[in-house]
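Here the structure comes first, spelled out in structure tokens, and everything after it is commentary.
The values are calculated or read from the model by the stated rules, or taken from the named source; none is laboratory data. All values reported here derive from a predicted model rather than from experimental measurement. Here the Cβ positions follow ideal geometry from the backbone for every residue, glycine too, while neighbour counts run over all protein chains shown.
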Amino acid sequence: MRSIQRRFKIKSHENPYSSSFVNFKLAIEGQNFKKRTIRHWFVKLVENDDYDKKEKRAILRELEKPKPP
């Protein structure tokens, strides 16, 4: 099972000075997680100070876009 939480912890350990948002993006990059899963873990793992509340939907839409191989 590809756990976003596990990958997030690894990325946070590798990049201790990066924001939680950056580490979250690195954790989900290229993994093809479902939109619901990305949203769930985004709310749980990314600190509220790392993004503007008004831009949350736009950020999630961008994170959910499938990346070309």
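Check V22 against each of (1) exposed (fewer than 15 other Cβ atoms within 10 Å of the Cβ); (2) under 11 Å from the mean Cα position of the chain (by Cα) and name the one condition it does not meet.
V22 satisfies every listed condition except (1).
Yes or no: K65 exposed (fewer than 15 other Cβ atoms within 10 Å of the Cβ), at pLDDT 90 or above and over 10 Å from the mean Cα position of the chain (by Cα)? Break it down stepwise before answering.
Working: exposed (fewer than 15 other Cβ atoms within 10 Å of the Cβ): yes; at pLDDT 90 or above: no; over 10 Å from the mean Cα position of the chain (by Cα): yes.
Here the answer is no, as K65 does not meet what is asked.
Table: residues versus (1) under 19 Å from K65 (Cα atoms); (2) modelled with pLDDT of 95 or more; (3) not in a helix (DSSP H, G or I).
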residue: R2; (1), (2), (3): yes, no, yes
residue: K9; (1), (2), (3): no, yes, no
residue: H13; (1), (2), (3): no, yes, no
residue: S18; (1), (2), (3): no, no, yes
residue: F24; (1), (2), (3): yes, yes, no
residue: F33; (1), (2), (3): yes, no, yes
residue: D49; (1), (2), (3): no, no, no
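Does A27 meet the test of being surrounded by 11 or more Cβ atoms within 10 Å (Cβ to Cβ), of a type outside the set (D, E, K, R) and within 11 Å of the chain's Cα centre (by Cα)?
Numbers: surrounded by 11 or more Cβ atoms within 10 Å (Cβ to Cβ): yes; of a type outside the set (D, E, K, R): yes; within 11 Å of the chain's Cα centre (by Cα): yes.
For A27, the condition - surrounded by 11 or more Cβ atoms within 10 Å (Cβ to Cβ), of a type outside the set (D, E, K, R) and within 11 Å of the chain's Cα centre (by Cα) - is met.
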